[in-house]
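Presented below is the structure to which this report refers.
Each value in this text was obtained by applying a stated rule to the coordinates, not by laboratory testing. No experiment lies behind these values; they were computed from the predicted model shown. Neighbour counts are summed over all protein chains in view; Cβ atoms, including those assigned to glycine, are modelled from backbone coordinates with ideal geometry.
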Ligand code: ACM
């Protein structure tokens with residue numbers, strides 16, 4: 001009897017609160033999502049997140065359920081648990097829906113009495129979770145966390161949504177790399193291009209070649225201010241030894257962390273240029289036999305790999321260890337900024353040119369890259385390289401990353417090669433972000449405002465509709481010559497990454513700078529809650 005009384009009382013209480021939350025009116029201001037979803041319908045009602053809220057998901061979505069559980073626990077300070085089964089009433093249900101067309105697409109339905117996130121795949125479910133997280137009020141002091149009712153159907157415009165990080169000019173801890181991956185995941189980016197080797201440091205353990213890290217990961221000092229390889233006069237150095245690298249165990253941990261967040265990591269092993277650290281560790285891989293020093297200045301160095309059989313064996317060994325760590329289909333082989341002066345003066349390089357019937361050193365670079373491509377293709381992988389790989393002839397299956405403007409990307413797409421767009425003017429997040437340089441930390445130069453990024457259209461008008469299909473997407477690049485701390489990297493990517501995420505996820509016809517700026521104000525509250533540093537002054541206006 002007592003139990004029946006309790007049950008009746010509870011159900012009366014529930015229905016009272018239900019009806020209240022069922023009818024609450026919402027307005028557009030309650031839905032500040034970036035990137036903008038394909039379609040969002042405003043509904044009446046709110047779902048209240050409480051300690052009784054459960055997550056229900058099939059075992060195949062356990063990773064996503066755990067991710068959501070951690071996220072909700074973090075934002076609500078309440079333990080929100082995950083179970084395999086239970087009543088959908090009052091719960092957040094994660095499910096696979098094969099009728100959704102896009103591989104990464106999802107539907108998010110929020111009603112006063114339950115939330116459902118359906119994805120064609122687990123990836124879609126993950127993106128639905130990201131959208132949901134932006135609908136939760138950020139203010140932790142609120143006694144009630146109310147999520148506005150909605151029906152969202154969403155899928156991305158491009159399949160490649162990337163961000164790059166150079167960990168060679170400056171090294172960043174595994175904790176920061178994970179934070180960076182979290183920032184990417186929040187923005188539905190699906191690719192992290194990890195730039196691991198450079199003139200100024202080799203940053204990944206290779207077991208067969210320990211000197212790559214015992215010697216190549218360390219430089220004796222670092223240039224101060226704006227000095228580079230072109231300007232050798234009056235430059236100063238800090239006199240402080242600098243180094244760091246990731247062990248293979250750390251790399252595995254980061255790859256697993258990214259995989260849980262539906263992010264593919266593309267490792268970059270630079271060749272034939274930007275290889276001073278490697279040829280310092282193993283001078284026999286260079287063209288002169290000289291003992292070099294790991295780079296202490298920025299820019300482009302003349303030291304490049306010799307096109308010898310010994311170099312190819314070395315690179316195949318390195319790439320074999322790299323492939324064992326990274327499941328990515330694409331492996332980035334660099335290819336940019338490789339001066340040819342050492343090859344012009346090398347007997348061995350000239351012999352290879354003659355023997356292989358090559359026209360010049362550009363064709364020798366193309367030969368070099370084709371050999372690496374053949375090796376990677378034989379292991380089921382494909383190469384991606386900077387647009388210089390077009391010079392001297394493009395390797396047959398290569399994807400081109402167009403950075404010196406869009407020309408290389410257009411040329412490659414016309415040749416029916418896949419392309420990722422990352423032109424400096426719109427996608428270089430190492431450039432200044434406002435014209436008031438005196439208000440900014442030292443940067444390499446250039447100017448890429450948030451509005452520039454937002455204005456970017458990755459598919460060039462020079463391409464036909466058919467050719468445009470080869471543009472897989474776009475990427476933001478973060479070269480870290482002038483960024484020595486995680487806070488500085490965050491400052492350079494936020495909010496420019498947020499603008500880029502909408503460029504590559506959302507429909508072209510939905511782009512609206514004024515509306516984006518309004519939503520950005522809300523997203524900055526999430527940056528604050530997550531302790532992300534960002535360029536506050538760059539939000540204000542068109543800074544030219
Ligand atoms: C590059 O910025 N050198 C690809």
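Considering the convex hull of the alpha carbon atoms of the chain, report its projected area averaged over all viewing directions, in nm², one decimal.
Quarter of the Cα hull surface area: 27.8 nm².
For the peptides 407-414, 273-280, 94-101, what is the packing order when you average, over each peptide's residues, the other Cβ atoms within 10 Å and list the highest mean first?
My ranking of the peptides, most packed first, is 273-280, 407-414, 94-101.
If one computes the Cα centroid of region 252-280 and of region 481-544, what distance in Å separates the two points?
What the calculation gives is 25 Å, centre to centre.
With label points built 7 Å along Cα→Cβ from the Cα atoms of residue 260 and residue 324, find their separation and express it in nm.
2.5 nm
With r defined as the distance between the Cβ atoms of residue 87 and residue 248 and R0 fixed at 45 Å, what FRET efficiency is calculated, to the nearest 0.05?
0.45
Expected output is a single nm value to one decimal: the length gained when fully extending between residue 465 and residue 74, i.e. 0.36 nm times separation in residues minus the C-alpha distance. What is it?
Length difference between fully extended and current span is 136.3 nm.
Express in nm, to one decimal, how much length is gained between residue 355 and residue 525 on full extension, taking 0.36 nm for each residue of separation and deducting their alpha carbon distance.
Taking 0.36 nm per residue and subtracting the Cα distance, the gain is 55.0 nm.
Going by alpha carbons, how many degrees (0 to 90, nearest 10) lie between the helix axis of 248-260 and the longest principal axis of the chain?
40 degrees
Shape call for region 167-272 from the C-alpha gyration tensor, a ≥ b ≥ c root eigenvalues: rounded (a/c under 1.5), prolate (a/b greater than b/c) or oblate? Write down the numbers at each step before the final one.
Values: a/c = 2.34, a/b = 1.64, b/c = 1.43.
Here region 167-272 falls in the prolate category.
Taking the simple approach of a point 7 Å from Cα along Cα-to-Cβ for both residue 42 and residue 457, what is their distance in nm?
Going by the 7 Å Cα→Cβ label model, 3.0 nm.
Ordered by packing density, taken as the mean number of other Cβ atoms within 10 Å over each peptide's residues, highest first, how do 336-346, 294-304, 506-516 rank?
Working: 336-346: 18.0, 294-304: 20.6, 506-516: 13.7.
The packing order, highest mean first, is 294-304, 336-346, 506-516.
Distance from the Cα centre of region 19-76 to that of region 358-425, in angstrom?
Using only Cα atoms to place each centre, the spacing works out to 43 Å.
Please give the helix 361-378 orientation as an angle from the longest Cα principal axis of the chain, in degrees from 0 to 90, rounded to the nearest 10.
Long axis of 361-378 versus the principal axis of the chain: about 50 degrees.
Could you sort the peptides 521-531, 347-357 by per-residue average Cβ neighbour count (10 Å cutoff), highest mean leading?
In descending order of packing, they fall as 521-531, 347-357.
In whole Å, largest first, what are the principal axis extents of the Cα atoms in region 475-534?
So the three principal-axis extents are 38, 26, 15 Å.
By how many degrees, 0 to 90 and rounded to 10, does the Cα axis of helix 513-529 deviate from the longest principal axis of the chain?
So the inclination is approximately 90 degrees.
Please report, to one decimal in angstroms, the Kirkwood hydrodynamic radius of region 245-301 built from all distinct Cα-Cα pairs. Present the calculation step by step, with values, prior to reporting the outcome.
Details: mean 1/r = 0.0726 Å⁻¹.
Radius from the Kirkwood sum: 13.8 Å.
With the cut-off at 1.5 for a/c, could you classify region 364-415 from its C-alpha gyration tensor as rounded, prolate or oblate?
Taking the square roots of the gyration eigenvalues as a ≥ b ≥ c, region 364-415 is prolate.
Under the rule of -39500 (n - 2.57) per DSSP H run of 4 or more residues, summed and divided by the residues of the chain, what mean residue ellipticity at 222 nm is obtained, to the nearest 500 deg cm²/dmol?
Mean residue ellipticity, 222 nm, calculated: -10500 deg cm²/dmol.
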